[in-house]
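Trainee: One structure follows; several queries about it will come next.
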Amino acid sequence: MAKFKFQLESVEKVRLQKEQKMLEALSESQRDYLARIQAKRDLLGKKQNAFEKKNELVSRDASINEIRLSEDYIIGLNAMIIKADQAIIRARRFLDQAMRNYIHARKERMMIDRLKEKAFDEFKVEQSRLEQRRLDDLITMRARLNHGPIDSEEEIA
């Protein structure tokens, strides 16, 4: 029996590699996005601690310079939080684009897979036809061996 050979095998390999590359880019984008969210959480935690420290300074009647320094730190943290929000938005856009690229690459690979399945089904049908033809030839040969050649007179009767 003949072996199945897909004509677009090289295209299939390229599409599979492209899908893998897009999946890696997607996972990198997800890591970046999650890292930026964690960085913002860290900044929010630092801001909470700075507020508590400032309230402690105010409650123990610390110098105005210490309180002012604490407020400046909080203002700096607010600016960093705004930048972190912008970075999260940018990372989200990159993540969305990476997801679209991956989905597109996956669709392309799946299209090749469907073509491969269709070609394999056609191959199986053709192989069964060939097998049936061989069996028919074998049966015909056996009949001729057992009964001799068919005469034109026997065909008429």
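Trainee: When the helices in the chain are scored as -39500 (n - 2.57) per DSSP H run of 4 or longer and the sum is shared across all residues, what 222 nm value do you end up with, to the nearest 500 deg cm²/dmol? Before the final figure, lay out the partial values.
Mentor: Working: 3 runs with 140 residues, N = 157.
Result for the chain, helices only: -33500 deg cm²/dmol.
Trainee: What number, in percent, do you get for the relative contact order of the stretch 11-114 if the mean sequence gap of Cα pairs under 8 Å and at least 6 apart is divided by its residue count? Don't skip to the answer; put the middle values down first.
Mentor: Numbers: 62 pairs, mean separation 56.6, N = 104.
After rounding, I find 54 percent.
Trainee: For each of ASP72, ASP61, ASP113, count neighbouring Cβ atoms within 10 Å of the residue's Cβ, then give the residues from fewest to most. Could the numbers behind the result be given before it?
Mentor: On the way: ASP72 10, ASP61 7, ASP113 13.
Ranked by crowding around the Cβ, least crowded first: ASP61, ASP72, ASP113.
Trainee: Taking springs between alpha-carbon atoms closer than 10 angstrom, which of LYS116, LYS46, LYS21 fluctuates most in the Gaussian network model of the chain?
Mentor: With Cα springs under 10 Å in the chain, the top fluctuation among LYS116, LYS46, LYS21 is at LYS46.
Trainee: So, one more: Between ARG106 and ILE64, how many nm apart are label points set 7 Å from Cα along the C-beta direction?
Mentor: 6.2 nm
Trainee: If you don't mind, there's one more thing I want to ask. With angles folded into 0 to 90 degrees, how steeply does helix 64-147 sit against the dominant principal axis of the chain? Use alpha carbons for both and round to 10.
Mentor: Relative to the chain, helix 64-147 is tipped by roughly 0 degrees.
Trainee: Pairing the Cα long axis of helix 9-59 with the longest principal axis of the chain, what angle in degrees results, from 0 to 90 and rounded to the nearest 10?
Mentor: Roughly 20 degrees, rounded to the nearest 10.
Trainee: If you don't mind, there's one more thing I want to ask. Along the charge dipole of the chain, which of ALA25, HIS147, HIS104 sits closest to the positive end, that is, farthest toward it, with unit charges on the beta carbon of Lys, Arg, Asp and Glu (+1, +1, -1, -1)?
Mentor: Selected residue: ALA25.
Taken together, the values in this text are just the output of simple stated rules run on the coordinates, not laboratory data. Every value quoted in this text rests on a predicted model; they were computed, and no experiment measured them. All Cβ positions, glycine included, derive from the backbone under ideal geometry; neighbour counts span all protein chains shown.
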